[in-house]
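**Student:** One structure, pasted below without further comment.
The values are calculated or read from the model by the stated rules, or taken from the named source; none is laboratory data. Given the structure is predicted, the values throughout are model-derived calculations rather than measurements. Virtual Cβ from ideal backbone geometry, glycine too; neighbours counted across all protein chains shown.
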């Protein structure tokens, strides 16, 4: 670790926070229909979309109406993209004449992009036409928008006197035109300036200095890249994702991409503060979550900076663990990216996580297991609030006070639903992992032998369940076994917990707001912040410790003992 | 319910047209108009021929040039190893306790050893990158190659060292990324230096 590296990471997090707070307020204003800067320009667009689609933006929805619109819109969009991928060979914008895509790959890809996971079992430059990439880019706009809306609907249930959760379609259109589109466009231009290409020109043939021939894939990358990061999607244009120099050419583009993926989930905590009229609550949740993420970042950074002791001892190699990393980002920029992409469940990678050292690799894995270290757009805030409900319930039991959350009574119904939402995550990680490890088809996909192989499988299902999309990419994830099982896990990781949270929102919206009294357990204190973190860590640690012990922890000990597999 | 489905079909199509197509075309237009060099892949031409992209590393087979990092890419058709295959990016994905990692690094050291002489070798120069297309090496990895290259090219070590130091870049904003050199840019400068002699 270097002072410069630490300072750079610290400065980044400070700037991120400074921008996220006003953006949080902006999101609140957009979602509540208040005046914003771009109204005059964008109002006609909104009206046009309403008219074409036949939307009445004024009609309020209860939780059922909101949930149906959410599911139906996602289903229809998935079908549209499915058709584009199926008919790839007959559709335009395919300069490399790329052939058809395997059916299991199409299933996995559509499911993965509609769910904001962007787990990829194909490699972009060899499997997809430019039109297919644009179809996926469309989902990279709409899937974070969908997640955002469910979180906003949840936040609205705390507004005193409000019984509806808003209009899904109006929220959908406004979030796209006011939040995702302008920010993505702005940063697509910034990425162009750093060197990210954007062309329909197809691949170039170069005659290299050494006299060889090199085919260089290009494409409309800059537009794709901006929304890929902003929407915490993470599905790369190229196979190597943000490690590819065309997706991420300089340390500055790396900063932009890190900033984009962290911006909205961080801002949403402050948006929520606006909804419940309690900024301190937002700061408490932000503070403890950021504290945890910084600790994990330091673990990852120090592990990778220390290098691989086996190579240092056996082959007299000096310096950090450079395998799978790019020179331009350095160890600090790689560590920060790997930490952010799994905290904010984006899944873009600027280095190959499979080649991280055991203690480096445990950080991405653990953050996805917790699934509430900021999290993806909307989904992250929902997971944080789910753990807040559980923490309120647990503390309520301990001190003998009525559990209340932001003025609404928390009763058996809400606690049951939150507990169910919480339990889904470990179940859909550990059961499929066990099945994969007990079956020939599952074992056949493992690339790295020994303890690391176990981590590869657990990482795959953790990433799918957390809708992250990064991988220990040695795993042969394109086999039908993994394409189908991860696809199912992705769906189960996305929709059931969101529907349960909408159900809770519907239940809370119908309740009267109770004014705070001396008997109220306050949740906007640092004491509660610590309790909340305790609940999160105890649940995470108890559930996943056995898997971590058999995978990365055992591998770390093996590595220190100089053992190879 | 049917009305709701029909509404969603129309919504999906109009948003597809805006965020799948129109947004892409806007960025495409801005890129081609304002940043034509970057938007087309930062290509480098010499004598009217494309010799590569400034952002994409290329396989260096000549011993008279600065060497870049090992690359684990494979040919997309044959699946056989082909370093710096810029139509099929990717890393080796070798894990830290994989015997194959030790073997890969050992053979990469064996390949570079005759060019750099004895002593410890920086991991950056013998461990393959994530994309397999890394265009850069650290300053340390470049300077290590100077004495051997001076012997093979006949250009003095002092001039080669000055060349490397002229091409060095980073850290950006004085904080981000290591001090590093772009291997293609360095080798183009080296060729110019040779041509002048």
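**Student:** Please indicate, with yes or no, whether at least one residue in segment A:494-507 is under 29 Å from residue A:149 (Cβ atoms), touching a residue at least 40 places away in the same chain (Cβ under 8 Å) and part of a loop (DSSP other than H, G, I, E, B).
**Tutor:** Within segment A:494-507 (the criterion being under 29 Å from residue A:149 (Cβ atoms), touching a residue at least 40 places away in the same chain (Cβ under 8 Å) and part of a loop (DSSP other than H, G, I, E, B)), the answer is no, since none of the residues qualifies.
**Student:** Something else: Test residue A:185 against the stated conditions and say whether it is at the interface with another protein chain (Cβ under 9 Å from one of its Cβ atoms), touching a residue at least 40 places away in the same chain (Cβ under 8 Å) and not in a helix (DSSP H, G or I).
**Tutor:** Taking the combined requirement at face value, the residue does not satisfy it.
Quick grid of which residues meet (1) crowded, with 24+ Cβ neighbours inside 10 Å; (2) modelled with pLDDT of 95 or more:
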| residue | (1), (2) |
| --- | --- |
| A:125 | yes, no |
| A:132 | yes, yes |
| A:135 | yes, yes |
| A:142 | yes, yes |
| A:153 | yes, yes |
| A:157 | yes, yes |
| A:162 | no, no |
| A:171 | yes, yes |
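**Student:** Let me ask something else about it. Would you check if residue A:458 is in contact with a helix residue (DSSP H, G or I) (Cβ under 7 Å, 6 or more places away or on another chain) and in a loop (DSSP other than H, G, I, E, B)?
**Tutor:** It is false that residue A:458 is in contact with a helix residue (DSSP H, G or I) (Cβ under 7 Å, 6 or more places away or on another chain) and in a loop (DSSP other than H, G, I, E, B).
**Student:** Hey, among the residues in segment A:79-99 that are within 11 Å of chain B (Cβ to nearest Cβ), free of Cβ contacts under 8 Å to residues at least 40 places away in the same chain and not in a loop (DSSP other than H, G, I, E, B), which one's nearest to the chain's Cα centre (by Cα)?
**Tutor:** The residue in question is A:79.
**Student:** Can you name the residue in segment A:522-565 that is free of Cβ contacts under 8 Å to residues at least 40 places away in the same chain and in a loop (DSSP other than H, G, I, E, B) and is also nearest to the chain's Cα centre (by Cα) among such residues?
**Tutor:** So the residue we want is A:522.
**Student:** For segment B:102-125, which residues satisfy the criterion of being within 18 Å of residue A:356 (Cβ to Cβ) and facing another protein chain (nearest Cβ under 7 Å)?
**Tutor:** B:102, B:105, B:123, B:124 - these are the residues of segment B:102-125 that are within 18 Å of residue A:356 (Cβ to Cβ) and facing another protein chain (nearest Cβ under 7 Å).
**Student:** Yes or no: residue A:390 out of contact with any strand residue (DSSP E or B) (no Cβ under 6 Å at 6 or more places or on another chain), surrounded by fewer than 24 Cβ atoms within 10 Å (Cβ to Cβ), within 14 Å of chain B (Cβ to nearest Cβ) and outside any loop (DSSP other than H, G, I, E, B)?
**Tutor:** Criteria not met by residue A:390.
**Student:** For segment A:248-341, list the helices (runs of 4 or more DSSP H) that sit wholly inside it and hold at least 2 residues that are touching a strand residue (DSSP E or B) at 6+ places or on another chain (Cβ under 6 Å) and within 12 Å of chain B (Cβ to nearest Cβ); which are they?
**Tutor:** In segment A:248-341, A:251-275 are the helices (runs of 4 or more DSSP H) which contain 2 or more residues that are touching a strand residue (DSSP E or B) at 6+ places or on another chain (Cβ under 6 Å) and within 12 Å of chain B (Cβ to nearest Cβ).
**Student:** Residues in segment A:479-491: is at least one closer than 18 Å to residue A:367 by Cα, assigned to a helix (DSSP H, G or I) and in contact (Cβ under 8 Å) with a residue 12 or more places away in the chain?
**Tutor:** Yes, segment A:479-491 has at least one match.
**Student:** Any chance segment A:227-245 includes a residue that's more than 8 Å from every other protein chain (Cβ to nearest Cβ) and touching a strand residue (DSSP E or B) at 6+ places or on another chain (Cβ under 7 Å)?
**Tutor:** No, every residue in segment A:227-245 fails to be more than 8 Å from every other protein chain (Cβ to nearest Cβ) and touching a strand residue (DSSP E or B) at 6+ places or on another chain (Cβ under 7 Å).
**Student:** Additional query: Sort out which residues of segment B:161-174 are surrounded by 12 or more Cβ atoms within 10 Å (Cβ to Cβ) and part of a helix (DSSP H, G or I), and write them in order of number.
**Tutor:** Across segment B:161-174, the qualifying residues are B:161, B:162, B:163, B:164, B:165, B:167.
**Student:** Moving to a separate point now. If you scan segment A:61-73, which residues turn out to be surrounded by fewer than 20 Cβ atoms within 10 Å (Cβ to Cβ), within 23 Å of the chain's Cα centre (by Cα) and in contact (Cβ under 8 Å) with a residue 24 or more places away in the chain?
**Tutor:** Matches in segment A:61-73: A:71 only.
**Student:** Considering only residues that are buried (at least 23 other Cβ atoms within 10 Å of the Cβ) and over 14 Å from the mean Cα position of the chain (by Cα), which ones fall in segment A:454-476?
**Tutor:** Across segment A:454-476, the qualifying residues are A:455, A:456, A:457, A:458, A:459, A:460, A:461, A:472, A:473, A:474, A:475.
**Student:** If you don't mind, there's one more thing I want to ask. Counting only residues that are touching a helix residue (DSSP H, G or I) at 6+ places or on another chain (Cβ under 6 Å) and closer than 14 Å to residue A:366 by Cβ, how many does segment A:534-549 have?
**Tutor:** Qualifying residue count for the region: 5.
This table checks each residue for (1) touching a strand residue (DSSP E or B) at 6+ places or on another chain (Cβ under 9 Å); (2) within 14 Å of another protein chain (Cβ to nearest Cβ); (3) modelled with pLDDT of 95 or more.
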position	(1), (2), (3)
A:496	no, no, yes
A:500	no, no, yes
A:521	yes, no, no
A:542	no, no, no
A:548	no, no, yes
A:555	no, yes, yes
A:559	no, yes, yes
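**Student:** Just to be sure before I move on: is residue B:132 surrounded by 15 or more Cβ atoms within 10 Å (Cβ to Cβ) and either in a loop (DSSP other than H, G, I, E, B) or without any contact (Cβ under 8 Å) to a residue 40 or more places away in the chain (or both) in the structure I sent?
**Tutor:** yes
**Student:** Sticking with this structure for a sec: Give the residue that is surrounded by the fewest Cβ atoms within 10 Å (Cβ to Cβ), with candidates limited to residues of segment B:61-77 that are touching a helix residue (DSSP H, G or I) at 6+ places or on another chain (Cβ under 7 Å) and closer than 16 Å to residue B:145 by Cβ.
**Tutor:** Here the residue is B:63.
**Student:** Hey, another quick one. Would you be able to tell me the number of residues in segment B:22-50 that are over 26 Å from residue A:128 (Cα atoms), within 9 Å of chain A (Cβ to nearest Cβ) and in contact with a strand residue (DSSP E or B) (Cβ under 8 Å, 6 or more places away or on another chain)?
**Tutor:** Residues in segment B:22-50 being over 26 Å from residue A:128 (Cα atoms), within 9 Å of chain A (Cβ to nearest Cβ) and in contact with a strand residue (DSSP E or B) (Cβ under 8 Å, 6 or more places away or on another chain): 2 in total.
**Student:** Shifting gears a bit: Scan segment B:138-160 and give yes if some residue there is within 21 Å of the chain's Cα centre (by Cα), modelled with pLDDT of 95 or more, facing chain A (nearest Cβ under 7 Å) and under 25 Å from residue A:211 (Cα atoms), otherwise no.
**Tutor:** Yes: segment B:138-160 contains one or more residues that are within 21 Å of the chain's Cα centre (by Cα), modelled with pLDDT of 95 or more, facing chain A (nearest Cβ under 7 Å) and under 25 Å from residue A:211 (Cα atoms).
**Student:** Follow-up. Would you pick out the residues in segment A:206-225 that are more than 7 Å from every other protein chain (Cβ to nearest Cβ) and either in a strand (DSSP E or B) or under 26 Å from the mean Cα position of the chain (by Cα) (or both)?
**Tutor:** A:213, A:219, A:221, A:224, A:225
**Student:** Right, another one. Among the residues of segment B:3-17, is any at the interface with another protein chain (Cβ under 7 Å from one of its Cβ atoms), closer than 28 Å to residue A:214 by Cβ, without any contact (Cβ under 8 Å) to a residue 24 or more places away in the chain and surrounded by fewer than 18 Cβ atoms within 10 Å (Cβ to Cβ)?
**Tutor:** Taking every residue of segment B:3-17 in turn, none turns out to be at the interface with another protein chain (Cβ under 7 Å from one of its Cβ atoms), closer than 28 Å to residue A:214 by Cβ, without any contact (Cβ under 8 Å) to a residue 24 or more places away in the chain and surrounded by fewer than 18 Cβ atoms within 10 Å (Cβ to Cβ).
**Student:** In addition: Could you check segment A:431-453 and list, in sequence order, the residues that are surrounded by 19 or more Cβ atoms within 10 Å (Cβ to Cβ) and within 23 Å of the chain's Cα centre (by Cα)?
**Tutor:** A:432, A:433, listed by residue number.
**Student:** State all residues of segment B:149-160 that are assigned to a helix (DSSP H, G or I) and surrounded by fewer than 19 Cβ atoms within 10 Å (Cβ to Cβ); if no residue qualifies, say none.
**Tutor:** B:150, B:151, B:152, B:153, B:157, B:158, B:159
**Student:** Looking only at segment A:189-200, decide whether some residue is more than 23 Å from residue B:90 (Cβ to Cβ), crowded, with 24+ Cβ neighbours inside 10 Å and within 20 Å of the chain's Cα centre (by Cα).
**Tutor:** no
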